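Worksheet for the structure shown next.
The values are calculated or read from the model by the stated rules, or taken from the named source; none is laboratory data. Fair warning: this is a prediction, and the values are worked out from it, not measured in the lab. Cβ placement follows ideal geometry from the backbone for every residue including glycine, while neighbour counts extend to all protein chains displayed. Accessible surface is based on the protein model in full, side chains and every heavy atom, while ligands, DNA and RNA are left aside. Shrake-Rupley method; radii C 1.70, N 1.55, O 1.52, S 1.80 Å.
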Amino acid sequence: MNIKSLLLGSAAALVAVSGARAADAVVVAEPEPAEYVRICDVYGAGYFYIPGTETCLRIGGYLRYDIGVGDVGSFDGATNWDREDGDENDTYWKRARFTLKTWTGQETELGTLKTYTETRFNFGNSQGRADFDDNGTPDDPADDILFGNDADNRTVSLNFAWIQLGGLRVGKDESAFDTFIGYAGNVIQDTLVPYGGFDTNVVQYYFDAGNGFSAVVSLEQGYGDFTIDSYVPHVVGGVKWTQGWGAITGVIAYDSNYEEVAGKVRLDVTPMENLSLFIMAGYGTDDNYTDDTWAFPAGGRGMYKLWDGNWAVWGGGTYTFNEKTSFNVQASYDEGENFGLAANVAYDIVPGLTITAEVDYLHAGKFGEADFSNWTGADDEDSIGGLLRFQRSF
């Protein structure tokens with residue numbers, strides 16, 4: 001065997017061994033393609049597909065900080081007891097709120113399947129007075145029991161949690177007596193004269209003819225003292241006609257606890273592109289609310305007729321100066337001579353951050369001699385206050 005033959009044989013052996021080792025090498029699998037979130041533009045901005053489903057989800061909410069000053073009766077001020085001598089002092093009303101909202105949408109053979117939730121978390125003191133209980137001895141301050149109006153974690157509230165398939169909606173909502181006809185303007189304190197109860201479980205059906213005509217029927221449970229007391233629900237019905245110039249809306253409600261009826265009609269107009277106006281009137285019966293029974297609603301009120309007397313009226317509007325600034329105003333009055341006036345300026349500092357400065361005035365009418373009809377708790381009293389709101393919406 002010569003040297004050339006030896007070198008060739010050695011090379012062949014090395015190639016064979018290398019091939020055998022290569023056949024035994026670990027093969028690393030290619031990573032599977034990641035499923036990135038897909039945008040869903042069927043229901044508007046902000047929706048995305050939940051991975052692996054055809055359900056579209058949107059998550060949003062806001063952070064809000066309110067600062068209120070003034071009289072308690074204006075719903076802007078507060079009082080607390082003096083830490084040194086126990087006297088009553090005026091103080092700020094403040095509230096920090098975090099609100100979380102979710103929306104879902106999915107197309108089905110029975111129509112669009114939607115859900116909406118809204119949960120609010122609050123910290124602050126109350127829009128009211130500290131409690132000074134004289135313990136039966138008003139001339140002896142040493143016996144007073146003081147309950148301070150202290151800031152702390154307030155209630156966590158589930159404001160909305162409903163499911164809707166096509167026109168059928170079930171779950172926690174606000175009463176159609178308010179949502180269908182619309183809230184009383186874009187002011188913060190829009191219930192200086194109240195226009196209806198809000199919180200309730202519902203079974204509702206919405207009808208939209210597609211030509212501007214729509215309607216709703218809502219079976220409602222109520223809340224608090226206004227919760228139904230049998231299997232008979234509160235009932236709300238409404239119709240609306242919407243056109244380019246505005247809308248005409250009417251709602252009527254039946255309070256099953258007291259067999260009373262209330263209704264509201266509303267006119268919305270848009271005389272120019274940057275101006276919108278509304279006027280709304282309400283009327284309700286109250287014969288059974290003021291009966292001398294073992295338990296009647298305070299101030300002759302029910303689930304829907306929360307104003308004083310039989311009738312009330314609200315009006316106002318919004319004027320948009322530019323894309324950042326708007327002026328909002330609302331005036332309200334009822335048969336009990338309660339008069340409210342609220343006005344604010346809202347300014348978008350940057351997209352998503354709005355500051356609103358509002359002034360509120362309330363004149364409380366006189367108590368009725370027989371029916372304790374004044375819901376305000378005041379008697380021929382004037383109150384004024386102001387609010388400053390910072391809100392970051394997302």
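How do Lys172, Lys264 stack up against each other in accessible area, from largest to smallest, with a 1.4 angstrom probe?
The most accessible residue leads, giving Lys172, Lys264.
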Practice problem: Arrange the residues Phe394, Phe121 by how much accessible surface each exposes, largest first, with a 1.4 angstrom probe. | Solution: Phe394, Phe121
Quiz item: Which whole-number percentage describes the relative contact order of segment 36-89, with Cα contacts under 8 Å and a sequence gap of 6 or more?
Solution: 16
Quiz item: Excluding ligands and nucleic acids, what accessible area in Å² is computed for Ile67 using a 1.4 Å probe, to the nearest 10?
Solution: 40
Exercise. Can you tell me the FRET efficiency between Leu168 and Asp90 if r is taken as the Cβ-Cβ distance and R0 is 45 Å, rounded to the nearest 0.05?
Key: 0.35
Self-check item: Accessible area in the full protein assembly, largest first, 1.4 Å probe, for His234, His363
Solution: His363, His234
Self-check item: Which listed pairs, of Lys94/Lys114; Lys114/Lys240; Lys101/Lys172; Lys264/Lys324; Lys172/Lys305; Lys172/Lys264, have C-alpha distances above 25 Å, in listed order
Solution: Lys94/Lys114; Lys264/Lys324
Self-check item: Cα coordinate range in segment 203-327, projected on the principal axes (Å, largest first)
Solution: 55, 31, 23
Practice problem: Could you state how much accessible area Val232 has, in square angstrom rounded to the nearest 10, with a 1.4 Å probe and all protein chains kept in place? | Solution: 80
